[in-house]
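Reading through the structure tokens given below for one structure.
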Amino acid sequence: MTPIVRIEGVVAGYGAGDILKGVDLEVERGTVTCLIGPNGAGKSTVLKTVSGLLRPSKGHVYLEDQEIDRLSPKARLLLGIVHVPQERSLFPNMTVLDNLLMGGYAIKDAGLIRKRVAEAMEAFPICRDRTHAHAGSLSGGEQKQVELARTLVLDPKVILLDEPSIGLDPKSRGLVFASITQLAATGRTVVLVEQNARSGLAVADQGAVLESGRVRLRASGRELLDDPEVARLYLGGHSVPQS
Ligand SMILES: Nc1ncnc2c1ncn2[C@@H]1O[C@H](COP(=O)(O)OP(=O)(O)OP(=O)(O)O)[C@@H](O)[C@H]1O
Ligand SMILES: [Mg+2]
């Protein structure tokens, strides 16, 4: 099966030396892949080379066999790649509804935007409950739900999520991870970066450990969780037996 996303020999950085030093990664359609690794390893940078915020100096990124690494972020958005950054990204002074409508800014067909917004509200009930509230008045966890809902307005193939659970209380975190599972169940492909590596790997089909700009380890989420060496180095302690 052709992977939906293929990253091949990607070298990239921000001017002062390479951060990614030859990253190879394949992501299968309809799966969740979780990238873990120490701070500064280049996890967010990998997502940026896929969404187009950063162009690799070497190597290539493919979406379903199409080379996309020279395309603009907007062109990649229209091909179905959305990126939810680590920072909060809603417009705080706009309502939840207006934020969702903004999610469709790259789409010309207003009817289609309305239809997709309705579907997104269906999938994320918080959007229905708080339709007319200012996004900035929602809790961090609620805002993250709205951010995830907003991605659906583009009917994305690939959703790149950078630290979606950061700063959230345990209940909101649980909701976010449940939403991620649900996104994959509806055929979307999710690439997730997580500091809460245990929770991230637990919802992931595939995991990858990034270190010093290279993929060091590649295995299923479960295998990485069960690997004592991974647990010691990246999960802050011992592996947890399978329940
Ligand atoms: N816009 C930028 N300009 C210059 N350097 C940057 C920029 N963004 C990231 N870097 C540097 O690139 C390296 C990798 O950063 P990146 O954000 O990809 O790491 P990360 O694995 O996501 O880390 P974290 O777990 O802390 O989020 C770091 O040394 C960082 O300082
Ligand atoms: Mg990061």
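Only residues that are open to solvent by less than 20 Å² (accessible area, probe 1.4 Å) and assigned to a loop (DSSP other than H, G, I, E, B) were counted in region 74-89, giving 1. In the set (1) closer than 28 Å to residue 104 by Cβ; (2) within 14 Å of ligand 2 (Cβ to nearest atom); (3) under 15 Å from the mean Cα position of the chain (by Cα), the condition left unmet by residue 54 is number (3). Restricting 36, 4 to residues that are hydrophobic (A, V, I, L, M, F, W, C) and more than 15 Å from ligand 1 (Cβ to nearest atom) narrows the list to 4. Scanning region 1-17 for residues that are farther than 26 Å from residue 65 by Cβ and surrounded by 16 or more Cβ atoms within 10 Å (Cβ to Cβ) returns a single hit, 13. Has region 176-183 got at least one residue that is surrounded by fewer than 22 Cβ atoms within 10 Å (Cβ to Cβ), out of contact with any Cys (no Cβ under 9 Å at 6 or more places or on another chain) and over 24 Å from residue 37 (Cα atoms)? Yes, some residue in region 176-183 is surrounded by fewer than 22 Cβ atoms within 10 Å (Cβ to Cβ), out of contact with any Cys (no Cβ under 9 Å at 6 or more places or on another chain) and over 24 Å from residue 37 (Cα atoms).
Any residue at all in region 51-72 that's at pLDDT below 95, open to solvent by 30 Å² or more (accessible area, probe 1.4 Å), within 29 Å of residue 142 (Cβ to Cβ) and more than 16 Å from ligand 1 (Cβ to nearest atom)? Checked region 51-72: no residue is at pLDDT below 95, open to solvent by 30 Å² or more (accessible area, probe 1.4 Å), within 29 Å of residue 142 (Cβ to Cβ) and more than 16 Å from ligand 1 (Cβ to nearest atom). Criterion applied to 216, 198, 150 was being open to solvent by 10 Å² or more (accessible area, probe 1.4 Å) and within 25 Å of residue 122 (Cβ to Cβ), and the one residue passing it is 150. Can you work out which of the residues in region 113-161 that are in a loop (DSSP other than H, G, I, E, B) and among the hydroxyl-bearing types (Ser, Thr, Tyr) is modelled with the highest pLDDT? My answer is 131. When the residues of region 96-106 are filtered to those that are open to solvent by less than 30 Å² (accessible area, probe 1.4 Å) and either acidic (Asp, Glu) or not in a helix (DSSP H, G or I) (or both), the one that is nearest to residue 163 (Cα to Cα) is 103. If you check residue 20 against the conditions, is it open to solvent by 20 Å² or more (accessible area, probe 1.4 Å) and either away from ligand 1 (no atom under 16 Å from the Cβ) or not in a helix (DSSP H, G or I) (or both)? Judged against the criteria, residue 20 is not a match.
Being within 9 Å of ligand 1 (Cβ to nearest atom), assigned to a strand (DSSP E or B) and either under 22 Å from residue 185 (Cβ atoms) or open to solvent by less than 10 Å² (accessible area, probe 1.4 Å) (or both) is a description that does not apply to residue 47. Restricting the first member to region 153-180 and to residues that are among the aromatic types (Phe, Trp, Tyr), and the second to residues that are open to solvent by 30 Å² or more (accessible area, probe 1.4 Å), the beta-carbon pairs closer than 7 Å and six or more apart or on different chains are 177/199; 177/203.
The values are calculated or read from the model by the stated rules, or taken from the named source; none is laboratory data. As the structure is a prediction and not an experimental result, all values here were calculated from the model. So basically every Cβ, Gly included, is an ideal-geometry build from the backbone, and we count neighbours across all protein chains shown. Surface accessibility is based on the protein's heavy atoms, side chains included, excluding ligands, DNA and RNA. Shrake-Rupley method; radii C 1.70, N 1.55, O 1.52, S 1.80 Å.
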